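Input: a single structure, listed below in structure tokens.
The values are calculated or read from the model by the stated rules, or taken from the named source; none is laboratory data. Please read these numbers as outputs of a predicted model, since none were measured by experiment. As a convention, Cβ positions derive from the backbone with ideal geometry for all residues, glycine included, and neighbour counts pool all protein chains shown. Heads up: the accessible areas ignore ligands, DNA and RNA and are worked out on the full protein's heavy atoms, side chains in. Shrake-Rupley method; radii C 1.70, N 1.55, O 1.52, S 1.80 Å.
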Amino acid sequence: MLAAICLAIVVASLLGGILPLATLLTHTRLQLYLSLSAGAMLGAAFLHMMPEAVELGSSETLRWSAAGLLTIFFVERFFAFHHHEAPAIDGDPCPDHPHEHEHGRDLHSAGLIAADAPGASFGTKGVKLHWGAAAFGLTLHTLLGGVALASAVAADRSTLGDLGASTWGVFLATLIHKPADALTITSLMLRAGMKKSHAHWANFGFSLMVPIGVALFFAGAQISSGPLDTRAWTAATLAFSAGSFLCIALSDLLPELHFHEHDRLKLSAALLVGVGIMWVAEIFHTGQ
């Protein structure tokens, strides 16, 4: 079953990478999708992963959530920030409601990238990021996503003897979010003038990061010397992963918080739908 889950995520990631070649995704449409995705990740963290980590370990296990959040935060601060932008042509990203999307995130003024650096800009005016930097940050996120999935599977098997709400919650959140990451990498490569074949191969390699993350988790579990150590490893890893989910979700939500007044109801509804998906998964599991 875990192999089938990983395959589904790989396929979703591959499809996300093809999207820039198949359709025009506007800034507003992307923000609706990201709000849904962030809601699913928040719901997975709060409703599934953190409670399961406490049940498997103790309340002190949640300290690992802070470690997970800070890890992603510092990766984004020093390497590449977690950002998605529609692969639209330069110009107005929201044709129905013209407004700027600089959002004060000019990497040039921050000294993170030279003004003439090779690479591609997002649809966001004044924001440039080399595809390699984005690929590095997103690859690390995806590896941790694979670790999160494997830890949820291990936690459910430890407490229930089978796959439960935590597994399906993490799976759904990852399945919803991964296409956006793949879209970012592919879009940046294409806008940088890379060949389509190279972009597809890069996206294929990126899509394999979740299965690799799963393998890394079980490799770590094998190092554990006994059942108690394996249980503690699973609980700590699940809590750490919950923290990473929180940071990734908030990094998608907060930069756009004050720049979509005309769409605040739609974006808020999409966020709540994402959380609701995780809540329904919890209700369904509890009712079984």
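Some notes on this structure:
- Within region 56-67, being in contact with a helix residue (DSSP H, G or I) (Cβ under 6 Å, 6 or more places away or on another chain) and modelled with pLDDT under 90 holds for Leu56, Gly57.
- Residues in region 186-218 that are more than 15 Å from Leu14 (Cα to Cα) and among the β-branched types (Val, Ile, Thr): Ile212, Val214.
- In the set (1) within 22 Å of Gln31 (Cα to Cα); (2) modelled with pLDDT under 85, the condition left unmet by His200 is number (1).
- Once region 1-16 is narrowed to residues that are open to solvent by less than 30 Å² (accessible area, probe 1.4 Å) and either closer than 23 Å to Cys247 by Cα or assigned to a loop (DSSP other than H, G, I, E, B) (or both), the residue that is modelled with the lowest pLDDT is Gly16.
- Scanning region 172-184 for residues that are in contact with a Leu (Cβ under 8 Å, 6 or more places away or on another chain), surrounded by 24 or more Cβ atoms within 10 Å (Cβ to Cβ) and not hydroxyl-bearing (Ser, Thr, Tyr) yields Asp181, Ala182, Leu183.
- Hits in region 220-238 - residues which are modelled with pLDDT of 80 or more and either closer than 19 Å to His177 by Cβ or of a type in the set (Ser, Thr, Tyr) (or both): Thr234, Thr237, Leu238
- Selection count where residues are touching a residue at least 40 places away in the same chain (Cβ under 8 Å) and open to solvent by 50 Å² or more (accessible area, probe 1.4 Å), scope region 59-70: 6
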